[in-house]
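Visitor: There's a structure below that I have some questions on.
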Amino acid sequence: QVQLVESGGGLAQPGGSLRLSCTASGISFSTYNMGWYRQAPGKQRELVAGITRGGSTNYVDSVKGRFTISRDNAKNTVYLQLNSLKPEDTAVYYCKASGMGRAYWGQGTQVTVSS
């Protein structure tokens with residue numbers, strides 16, 4: 001059974017930081033491309049950052065220079081470091097594993113940026 005479990009969300013002040021983690025089980029993690037998505041109320045889910053199995057990364061323009069995606073294949077975990085948070089970063093953040101013609105999603109973790 002494949003599971004992706006996110007953690008690390010919560011409440012942060014504008015300008016603050018959070019680190020999200022997503023730990024996978026049931027897949028050969030190192031062979032999957034991983035991504036972090038977010039969905040704010042009333043908006044479509046969007047790709048925030050992705051990291052390939054080879055370690056190449058990409059980011060949506062709105063988070064470039066503020067967010068960093070990384071992976072630790074030994075721990076089957078992908079991370080998203082969120083710095084300089086803004087209220088518009090408020091959303092449910094989901095991780096996704098893509099590979100072997102399949103895609104798996106985590107259950108999401110809420111990030112709220114508010115003073």
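Visitor: Which pairs have Cβ atoms under 6 Å, sit 6 or more apart or on different chains, and link a residue in region 26-51 that is more than 15 Å from GLN110 (Cα to Cα) and open to solvent by less than 60 Å² (accessible area, probe 1.4 Å) to one that is among the aromatic types (Phe, Trp, Tyr) and in a strand (DSSP E or B)?
Guide: Between residues of region 26-51 that are more than 15 Å from GLN110 (Cα to Cα) and open to solvent by less than 60 Å² (accessible area, probe 1.4 Å) and residues that are among the aromatic types (Phe, Trp, Tyr) and in a strand (DSSP E or B), the close pairs are ALA49/TRP36; ALA49/TYR59; ALA49/PHE67.
Visitor: For residues in region 103-115 being part of a strand (DSSP E or B), in contact (Cβ under 8 Å) with a residue 24 or more places away in the chain and not aromatic (Phe, Trp, Tyr), which is surrounded by the fewest Cβ atoms within 10 Å (Cβ to Cβ)?
Guide: GLN110
Visitor: Would you pick out the residues in region 73-102 that are closer than 11 Å to MET34 by Cβ and part of a strand (DSSP E or B)?
Guide: THR77, VAL78, TYR79, LEU80, CYS95, LYS96, ALA97, SER98, GLY99, listed by residue number.
Visitor: ALA12 fails exactly one of the following numbered conditions: (1) farther than 21 Å from VAL113 by Cα; (2) open to solvent by less than 40 Å² (accessible area, probe 1.4 Å). What is the number of that condition?
Guide: All conditions pass for ALA12, except number (1).
Visitor: Please indicate, with yes or no, whether at least one residue in region 20-35 is outside any strand (DSSP E or B), within 16 Å of GLN3 (Cβ to Cβ) and among the small types (Gly, Ala, Ser).
Guide: Checking region 20-35: at least one residue is outside any strand (DSSP E or B), within 16 Å of GLN3 (Cβ to Cβ) and among the small types (Gly, Ala, Ser).
The values are calculated or read from the model by the stated rules, or taken from the named source; none is laboratory data. What you see is a predicted model; the values in this text were computed from it and never measured. For neighbour counting, all protein chains shown are included, and Cβ atoms are generated from backbone atoms with ideal geometry for every residue, glycine included. Note: accessible area is taken over every heavy atom of the protein model, side chains too, but ligands, DNA and RNA are not part of it. Shrake-Rupley method; radii C 1.70, N 1.55, O 1.52, S 1.80 Å.
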